[in-house]
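Read the structure below first, then the notes.
The values are calculated or read from the model by the stated rules, or taken from the named source; none is laboratory data. Computed from a predicted structure; not experimentally measured. Positions of Cβ are backbone-derived with ideal geometry, glycine not excepted, and every protein chain shown enters the neighbour counts. SASA here: full protein model, heavy atoms, side chains in, ligands and nucleic acids out. Shrake-Rupley method; radii C 1.70, N 1.55, O 1.52, S 1.80 Å.
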Amino acid sequence: MAQKALLFDLDGTLLISDPLHIAVFGEFFAERGMPYSEEVYERQIHGSHNAEIFPRLFPGEDAVALAAEKEARFRDRLQPGTPPMPGAPELLDLASAEGWAVAVVTNAPRENAEHMLRAIGLRERFEVIVIGDECSRGKPDPEPYLEAMRQLDVRPQDCIAFEDSQSGMRAAARSGAFGIGVCSGVEPDRLHEAGASATITDFTDPALPGLLDRLRETGA
């Protein structure tokens, strides 16, 4: 029987982090006297890569330095003991019991990814953490998901990918994984438009067990 895998985005998928990102970007906009709202965050920032965000939003400034400052402020706000997304630990327990491989696939910088996983108490659950910056292309390109599949030695059709953003869902869908949207900040229809085959509210959603059955049903 072929190896099966669950692939997880991090921000907004394994933990609810958008309020922290929204607040930090709000500081950047306020410091520059620029108008800002949660709609600005959702439309222009959410799911995008820092290398794209900062040159577009703050042209003429040092995008690399701004990104580093933003991520440092984010880490300062994220404290140990932060709860993971509801149901995430139990889903990882199930994966272990079923013999399914797991990986994190994120556009977050590695320092942030490590910090987030430690803050929610799940760092030891993942041996494979794929970072968009460390791939030839980040999300929405499928390369980060394909890299996770290579590291886990799994086929796309034997993977379920969980994503909360349109950009991430496009990457997951293009990789050939079965994409499940986690509706922590984006409406279900927008995740479906981006390629989600199904959506859930979080990992306690009663629809999830039936969706996981597809891994048990796929052949060798």
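Quick check: is even one residue across the range 178-185 more than 21 Å from I53 (Cβ to Cβ) and among the hydroxyl-bearing types (S, T, Y)? No - not one qualifying residue is present in the range 178-185. Taking residues in the range 158-172 that are farther than 16 Å from E143 by Cβ and in contact (Cβ under 8 Å) with a residue 24 or more places away in the chain, and partners anywhere that are open to solvent by 10 Å² or more (accessible area, probe 1.4 Å) and assigned to a helix (DSSP H, G or I), the pairs with Cβ atoms closer than 7 Å and at least 6 places apart or on different chains are Q166/R190.
The rows are residues; the columns are (1) part of a strand (DSSP E or B); (2) out of contact with any helix residue (DSSP H, G or I) (no Cβ under 6 Å at 6 or more places or on another chain).
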| residue | (1), (2) |
| --- | --- |
| K139 | no, no |
| L146 | no, no |
| V154 | no, yes |
| Q157 | no, yes |
| R170 | no, yes |
| G181 | yes, no |
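If I filter the range 142-164 for residues that are modelled with pLDDT under 95, out of contact with any strand residue (DSSP E or B) (no Cβ under 7 Å at 6 or more places or on another chain), open to solvent by less than 50 Å² (accessible area, probe 1.4 Å) and more than 17 Å from L92 (Cα to Cα), do I get at least one hit? Within the range 142-164, not a single residue is modelled with pLDDT under 95, out of contact with any strand residue (DSSP E or B) (no Cβ under 7 Å at 6 or more places or on another chain), open to solvent by less than 50 Å² (accessible area, probe 1.4 Å) and more than 17 Å from L92 (Cα to Cα). Note on the range 74-95: residues that are out of contact with any Lys or Arg (no Cβ under 8 Å at 6 or more places or on another chain) and either open to solvent by 40 Å² or more (accessible area, probe 1.4 Å) or outside any helix (DSSP H, G or I) (or both) total 15.
Screening G185 against (1) over 20 Å from D93 (Cα atoms); (2) without any contact (Cβ under 8 Å) to a residue 40 or more places away in the chain; (3) within 16 Å of the chain's Cα centre (by Cα) leaves a single unmet condition, (2).
Kindly indicate whether R43 is open to solvent by 70 Å² or more (accessible area, probe 1.4 Å) and in contact with a Leu (Cβ under 6 Å, 6 or more places away or on another chain). No, not satisfied.
For the range 120-137, the set of residues classified as under 12 Å from the mean Cα position of the chain (by Cα) and at pLDDT below 95 consists of G132 only.
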